[in-house]
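Colleague: Take a look at the following structure, please.
The values are calculated or read from the model by the stated rules, or taken from the named source; none is laboratory data. Here the structure is a predicted model, which is why all the values come from computation and not from measurement. Backbone-built Cβ (ideal geometry, glycine too); neighbour counts: all protein chains shown. To get the accessible areas, we keep the full protein, side chains included, count just its heavy atoms, and leave off ligands, DNA and RNA. Shrake-Rupley method; radii C 1.70, N 1.55, O 1.52, S 1.80 Å.
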Amino acid sequence: MTDRATDDRAQTLAEIAPNETVTAPLLSGAEGRFSTPPLHEPPVAYLEPAESPAYVLSNAKRGVGLGSKRNTVSPSRDHETVMLVTGRRTLCLVGQASTDQVIEIPHEDVAAVGYRTGLRAHRLTVKTPRHIYHCWVTRRADEDLLAAVTEFVEDRQGETPESVGADGTVMYRGLPVQQRSESDEPTPTGEKQTVMYRGLPVDDSE
């Protein structure tokens, strides 16, 4: 995609987006906190031809935690993390030393989604039957935005995410996840979901 085509598509997607977090400079890779672009490729280049983002989240240092908050794929010193929330997936793009790491979370595979606010950064937590993703978000994002993104993803969850058994049992790393109660489900207000793995609670705290 040429620079002109990139700019034109970024502008079109920004104009039709339902939320102001989707901007043409960000999608085209011209907007970032540092002198270098946030990613090696413009974020718009990672979208399918008919795909458009409804929300964009970002963070400069923390990246995305895979399985736990400590197992984090972090951006390199001069790059950032950009998360495109589209109608069918959350696309996490982590700018690293020589390339961008792409982490795709299809909404139809999502078993639960919630968020936490923090003093240094916020966090969107997305659980599938096989993985937990901790998507760190800049503290400049307000809680209304996190709640809107959470609701948007919840509305697009599949009725039976991948690896959910016929009896409704959710599998995590090949073992059933035991949910304590419906009241523990994450909600747009940031309530916590407690799940059990091998008889112990899965850590989801700050």
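Colleague: Is it true that residue 62 is charged (D, E, K, R) and at pLDDT 90 or above?
Modeller: Details: charged (D, E, K, R): yes; at pLDDT 90 or above: no.
No, not satisfied.
Colleague: Further question: Scanning region 35-47 for residues that are at pLDDT below 85 and surrounded by fewer than 18 Cβ atoms within 10 Å (Cβ to Cβ), which turns out nearest to the chain's Cα centre (by Cα)?
Modeller: Applying the first criterion (at pLDDT below 85) to region 35-47 yields 35-37.
Narrowing further to those that are surrounded by fewer than 18 Cβ atoms within 10 Å (Cβ to Cβ): 35-36.
Numbers: 35: 25, 36: 23 Å.
By that ranking, first place goes to 36.
Colleague: Then there is this: When you scan region 84-94, how many residues do you find that are in contact (Cβ under 8 Å) with a residue 40 or more places away in the chain, part of a strand (DSSP E or B) and more than 11 Å from residue 46 (Cβ to Cβ)? Full working, then the answer.
Modeller: Narrowing region 84-94 to residues in contact (Cβ under 8 Å) with a residue 40 or more places away in the chain: 84-85, 87-88, 90-93.
Retained after the next criterion (residues that are part of a strand (DSSP E or B)): 84-85, 90-93.
Now restrict to residues that are more than 11 Å from residue 46 (Cβ to Cβ): 85, 90.
Qualifying residue count, region 84-94: 2.
Colleague: To continue, here is another question. Anything in region 124-144 that is without any contact (Cβ under 8 Å) to a residue 40 or more places away in the chain and more than 16 Å from residue 156 (Cβ to Cβ)? List them, or say none. Give the steps one after another, and end with the answer.
Modeller: Initially, region 124-144 is screened for residues without any contact (Cβ under 8 Å) to a residue 40 or more places away in the chain, giving 126, 128, 139-140, 142, 144.
Within region 124-144, 139, 140, 142, 144 qualify.
Colleague: If you don't mind, another one. Quick check on my filter: what residues within region 114-139 are within 16 Å of residue 67 (Cβ to Cβ) and under 14 Å from the mean Cα position of the chain (by Cα)?
Modeller: Going through region 114-139, the residues within 16 Å of residue 67 (Cβ to Cβ) turn out to be 123-136.
Of everything in region 114-139, those that are within 16 Å of residue 67 (Cβ to Cβ) and under 14 Å from the mean Cα position of the chain (by Cα) turn out to be 123, 124, 125, 126, 127, 128, 131, 132, 133, 134, 135, 136.
Colleague: Looking at residue 68, is it not in a loop (DSSP other than H, G, I, E, B) and not aromatic (Phe, Trp, Tyr)?
Modeller: Numbers: not in a loop (DSSP other than H, G, I, E, B): no; not aromatic (Phe, Trp, Tyr): yes.
Answer is no for this residue.
Colleague: Can you tell me which condition residue 113 does not meet? The list is (1) β-branched (Val, Ile, Thr); (2) within 18 Å of residue 21 (Cα to Cα); (3) open to solvent by less than 10 Å² (accessible area, probe 1.4 Å), and all the others hold.
Modeller: Going through (1) β-branched (Val, Ile, Thr); (2) within 18 Å of residue 21 (Cα to Cα); (3) open to solvent by less than 10 Å² (accessible area, probe 1.4 Å) one by one, residue 113 breaks only (2).
Colleague: Still on this model: So which of 97, 30, 50 is outside any helix (DSSP H, G or I), open to solvent by 30 Å² or more (accessible area, probe 1.4 Å), small (Gly, Ala, Ser) and in contact with a Ser or Thr (Cβ under 6 Å, 6 or more places away or on another chain)?
Modeller: On the way: 30 fails: in contact with a Ser or Thr (Cβ under 6 Å, 6 or more places away or on another chain); 50 fails: in contact with a Ser or Thr (Cβ under 6 Å, 6 or more places away or on another chain).
Residue meeting the stated conditions: 97.
Colleague: Please state which of the following conditions residue 56 fails to meet, knowing it meets all the rest: (1) over 14 Å from the mean Cα position of the chain (by Cα); (2) part of a strand (DSSP E or B).
Modeller: (1)
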